[in-house]
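Asks: Pasting in a structure now, in structure tokens, and then I'll have a few things to ask.
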Amino acid sequence: METTEVKTEGKKLFIESYGCAMNFADSEVVASIMAQNGVETIQNEEDADIIFINTCSIRDNAEQKIRHRLKALRHNKKHNRDLTIGVLGCMAERLKKQLLEEEKLVDIVAGPDTYRELPILLSEVEDGRKAMNVILSLEETYAEIQPTRLNSNGVTAFVSIMRGCDNMCTFCVVPFTRGRERSRSPESIVGEVQELHAQGYKEVTLLGQNVDSYLWYGGGPKKNFDKLSAEEQEQSVNFAQLLEKVAQVSPELRVRFSTSHPKDITDDVLFTMMKYENICNYIHLPAQSGNSRILEKMNRTYTREWYDSKVARIRELIPDCGISCDIISGFCSETEEEHEDTLDLMRNSEFDFSYMYFYSERPGTLAARKFEDDVPYDVKKRRLAEVIEIQNAVAKRKNKAREGKRYKVLIEGESKKSDQDWMGRNDQNIVCIFPKEHYQKGEYVTVEIERSTTTSLIGRVVND
Ligand code: SAH
Ligand code: SF4
Ligand code: F3S
């Protein structure tokens, strides 16, 4: 086999990330792999020899934004012919060599499971070739790589616990860009969390497309518990058990997780949340639609009633639990009545906040192949606006009711609006803003809420 000598020593890398938290976490893995090969990741684009854009394909507008960015980078390349530009992540995986052909300035295309190969790919570019690797893996979890934290506030960090997704929701590109679901070993996860704690971090968020289906049995692609051998079952660790292990690292370390899938979240996870004070009472539980026919067409594998019963169960066991949601408006064939069901869901479930989108057809997905994208653009937009309006009204009312209450808040950094104020979040993941006084980043404080908006709570510290 031809071997390429690695020639990356001394280079400077700038990484720009788009998309979900998992992509941002992956960029930190990339920075770590590059550091092992003598490449420093810097914050200043102008001084970089290498620019990596870690991309997202989830909706068409996400890809358009990245294409604009790539076009703008042409300008940099004119000024610096030695500049190497790499496209990483989901768009790299989806478009493969099409990206090298369309965006002629791109030198490297690297899919999400190929980051260990980046030094080799860079060396191929040094040798005057374009380089691509988009092979998806059944095993890769970058388990032992301690990520290099980028743009970190030094207080909160993401920790990937699994990769890929096996769910095949018909609208979604992720199973195609991220490959099969596989879980990372609990030892490596707990090790990373312990290291973060030792470095002074105060909060970790465990990440996966569907954290509730986390199952470690010794490595390899996802299997269901009942398909495991007796020995594998014996040593297996599910999400509730993993959550407990992470919570035990330190009572001072807050633990969050995302995303929970309504079909998989278990009572055991809720019981574990109740047992540990430091596991935040907050669940991101995307519904996508409030109508059972649409949910079936989306292949979400639950009904509206099932979703409602999950929300009810969470509220029964953890009454003050923050719950947030994702909604897609105007999915294929959605009628006005079915859209009304989503509005009804928003009114009744009273989410603290939601991420809301209109449906964007993604090439290659089941929906793109089987269903017509037949809800007109202006109808999609109007329906989305109606969903957002209700969500905003709910959030405003819920935040108003929080005025006068006191919350334990972890100080994460400066408020975006004023350098006199701190920003932190309460247990329910709601943003709190308050005067800095003598308090420090990374401290837990008790904040009494005086005012509120749709998105945040404003108050002052009342530590005794
Ligand atoms: N694994 C998570 C979702 C990850 S993608 C889950 O199952 O809930 C994040 C969100 O993007 C999804 O929840 C969905 O609301 C939205 N999304 C995904 N594909 C989309 C598409 N084709 N058009 C519009 N929104 C989409
Ligand atoms: Fe996409 Fe569904 Fe997997 Fe979420 S669970 S990443 S929406 S396929
Ligand atoms: Fe986007 Fe890929 Fe995440 S498509 S949302 S970056 S998994």
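The values are calculated or read from the model by the stated rules, or taken from the named source; none is laboratory data. In this text the structure is predicted, and so the values were computed from the model without any measurement. Note that each Cβ is placed from the backbone with ideal geometry, even for glycine, and that neighbours are counted across all protein chains shown. Remember, those area values only see protein heavy atoms, side chains included, never the ligands or the DNA or RNA. Shrake-Rupley method; radii C 1.70, N 1.55, O 1.52, S 1.80 Å.
Asks: For C432, enumerate residues with amide H under 5 Å from its amide H, sequence gap 5+ or separate chain, H modeled in the peptide plane.
Replies: Those lying under 5 Å, H to H, from C432 are G424, R425, N426, L457.
Asks: On full extension of the chain, what length is gained from L138 through N348, given 0.36 nm per residue of separation minus the C-alpha to C-alpha distance?
Replies: 71.6 nm
Asks: Using every alpha carbon pair in region 406-462, what percent of pairs falls into each 10 Å bin from 0 up to the bin containing the largest distance?
Replies: Spelled out per bin, shortest first, that is 28, 65, 7.
Asks: With θ taken as phi - 60° and the coefficients 6.51, -1.76 and 1.60, list the Karplus ³J(HN,Hα) couplings across region 451-456 in order, rounded to whole Hz; mark glycine and proline as x.
Replies: Going residue by residue, I get 9, 8, 10, 5, 10, 8 Hz, with x marking Gly and Pro.
Asks: So what are the ³J(HN,Hα) numbers for region 402-411, from phi and the Karplus equation (6.51, -1.76, 1.60; θ = phi - 60°), rounded to whole Hz, Gly and Pro as x?
Replies: 8, 4, x, 7, 10, 10, 7, 10, 9, 6
Asks: With a probe of 1.4 Å, find how much accessible area region 156-401 has per residue, and write the answer as a whole number in Å².
Replies: That works out to 41 Å² per residue.
Asks: Can I ask one more? Which far-off residues, 5 or more places away or on another chain, put their amide H under 5 Å from the one on T84, with H placed in the peptide plane?
Replies: I50, I51
Asks: Follow-up question, since we're still on this one. Out of Y276, Y302, C321, whose Cα points farthest toward the positive end of the dipole of region 252-332 (charges: +1 Lys, Arg; -1 Asp, Glu; placed on Cβ)?
Replies: In region 252-332, that residue is Y302.
Asks: Continuing with this model, one more query. Add +1 for every Lys or Arg and -1 for every Asp or Glu among the other residues with Cβ under 14 Å from the Cβ of K223, and state the total.
Replies: My count for the surroundings of K223 gives -2.
Asks: What full-extension length gain, to one decimal in nm, is calculated for E336 and M168 as 0.36 nm per residue of separation minus the Cα-Cα distance?
Replies: Roughly 57.9 nm would be gained on extension.
Asks: Take every Cα pair under 8 Å in the chain that's 6+ residues apart, average their separations, divide by the length, and report that relative contact order as a whole percent.
Replies: Normalised by residue count, the contact order of the chain is 10 percent.
Asks: If region 364-455 were replaced by its equivalent ellipsoid, with semi-axes equal to the square roots of 5 times the Cα gyration tensor eigenvalues, what would those be, largest first, whole Å?
Replies: 38, 17, 12
Asks: How would you classify region 143-249 from its alpha-carbon gyration tensor, with a ≥ b ≥ c the square roots of the eigenvalues: rounded for a/c under 1.5, else prolate if a/b is greater than b/c, otherwise oblate?
Replies: Here region 143-249 falls in the oblate category.
Asks: Given region 200-239 reduced to its alpha-carbon atoms as identical point scatterers, what log10 I(q)/I(0) does the Debye formula return at q = 0.25, 0.28, 0.31 Å⁻¹?
Replies: Taking Cα atoms of region 200-239 as identical point scatterers yields -0.84, -0.97, -1.11.
Asks: Does region 33-78 come out rounded, prolate or oblate, given a ≥ b ≥ c as the square roots of the eigenvalues of its C-alpha gyration tensor, rounded meaning a/c under 1.5 and, failing that, prolate meaning a/b above b/c?
Replies: oblate
Asks: Further question: If I model a spin label as a point 7 Å beyond the Cα along the Cα-Cβ vector, how far apart are those points for M274 and D127 in nm?
Replies: Result: 6.1 nm between the two label points.
Asks: Using the Cβ atoms and a cut-off under 11 Å, what net charge is assigned to the surroundings of W306, where Lys and Arg are +1 and Asp and Glu are -1?
Replies: Taking every Cβ under 11 Å from that of W306, the sum is +3.
Asks: Give me the percent of accessible area attributable to carbon and sulfur for region 406-462, probe 1.4 angstrom.
Replies: 46
Asks: Quick one: which residues, 5 or more positions from R460 or on another chain, have an amide H under 5 Å from its amide H? H modelled 1.01 Å from N in the peptide plane, none for Pro or chain starts.
Replies: E448, E450
Asks: Using the Cα centre as the reference, give the magnitude of the dipole from point charges on the C-beta atoms of the chain (Lys, Arg: +1; Asp, Glu: -1; all else neutral), rounded to the nearest 20 debye.
Replies: Around 940 debye, computed over the chain.
Asks: Using the Cα gyration tensor of region 2-133, with a ≥ b ≥ c the square roots of its eigenvalues, what is the shape: rounded (a/c below 1.5), prolate (a/b larger than b/c) or oblate (neither)?
Replies: Rounded, because the longest to shortest axis ratio a/c is under 1.5.
Asks: Sticking with this structure for a sec: Just the number: Rg to Rh for the chain, Cα atoms, Kirkwood Rh, two decimals.
Replies: 0.96
Asks: In nm, to one decimal, how far is the modelled label at N299 from the one at D320, with both set 7 Å along Cα→Cβ?
Replies: Label at N299, label at D320, 4.1 nm between them.
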